[in-house]
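The values are calculated or read from the model by the stated rules, or taken from the named source; none is laboratory data. Since we're looking at a predicted model, the values are computed, not measured. All Cβ positions, even for glycine, are placed from backbone atoms using ideal geometry, and neighbour counts span all protein chains on display.
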């Protein structure tokens, strides 16, 4: 199975506070939800901002606890730990600013940021993003083929590709009424 998640912000004190958690509570909930959802054989696409102000040791240790074959779409907070000498990039199958792939008859365009016009948009490509957290102001601009997967919008747990397809197809159907 394929899963997605964005903007976990592990170790981010202010983000935890804005989510009504302590850092320890937020990290524990995200880890629990991740590992209850994602198996070791599943692929999980992380749409950026995995950590914030975590030490390299904390980042490496936490990644060791998370299930799945991880694919990282680089977010604005990820550049910092990716540059560190002792950060273990081997945790990831791939690391890129944009990842695209096909699944069944669907094309997926993954970017940390909401993008107004993306590759194959006119051919019903799906755009998955994060960065803006629960801000819904971008939705009318991006259209029904896009979905914000910041954890606040997906109950703090990874969402399956089948759920994403169902949600986006419903959005497309509702927009054509």
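Annotations
- Qualifying residue in region 76-85 (condition: part of a loop (DSSP other than H, G, I, E, B), modelled with pLDDT under 95, under 30 Å from residue 102 (Cβ atoms) and under 15 Å from the mean Cα position of the chain (by Cα)): yes
- Flag if residue 27 is part of a helix (DSSP H, G or I) and either surrounded by 13 or more Cβ atoms within 10 Å (Cβ to Cβ) or in contact with a strand residue (DSSP E or B) (Cβ under 7 Å, 6 or more places away or on another chain) (or both): yes
- Here residue 109 does not fit the description of being touching a helix residue (DSSP H, G or I) at 6+ places or on another chain (Cβ under 6 Å), buried (at least 19 other Cβ atoms within 10 Å of the Cβ) and farther than 19 Å from residue 156 by Cα.
- Only listed residue being under 20 Å from residue 89 (Cβ atoms) and within 15 Å of the chain's Cα centre (by Cα), chosen from 2, 44, 56: 44
- Some residue of region 61-71 being part of a helix (DSSP H, G or I), modelled with pLDDT of 95 or more and buried (at least 16 other Cβ atoms within 10 Å of the Cβ): yes
- Every pair of residues 6+ apart whose Cβ atoms lie under 8 Å, when the first sits in region 134-154 and is on the phi > 0 side of the Ramachandran plot and at pLDDT 90 or above while the second is surrounded by fewer than 16 Cβ atoms within 10 Å (Cβ to Cβ) and part of a strand (DSSP E or B): none
- Top-ranked residue in region 109-122 [being assigned to a loop (DSSP other than H, G, I, E, B) and without any contact (Cβ under 8 Å) to a residue 12 or more places away in the chain; ranked as nearest to the chain's Cα centre (by Cα)]: 118
- Residue ID - farthest from residue 110 (Cα to Cα), chosen from residues in region 134-153 that are touching a strand residue (DSSP E or B) at 6+ places or on another chain (Cβ under 7 Å) and surrounded by 18 or more Cβ atoms within 10 Å (Cβ to Cβ): 151
- Among the residues making up region 35-52, those that are in contact with a helix residue (DSSP H, G or I) (Cβ under 9 Å, 6 or more places away or on another chain), outside any strand (DSSP E or B) and modelled with pLDDT of 95 or more are 35, 48, 49, 50.
- Region 123-144, residues that are within 22 Å of residue 77 (Cβ to Cβ), assigned to a loop (DSSP other than H, G, I, E, B) and touching a helix residue (DSSP H, G or I) at 6+ places or on another chain (Cβ under 8 Å): 133, 134
- When restricted to residues that are over 20 Å from residue 5 (Cβ atoms) and outside any loop (DSSP other than H, G, I, E, B), region 91-106 contains 1.
- Single residue of 97, 106, 129 found to be under 29 Å from residue 173 (Cβ atoms), at pLDDT 95 or above and within 14 Å of the chain's Cα centre (by Cα): 129
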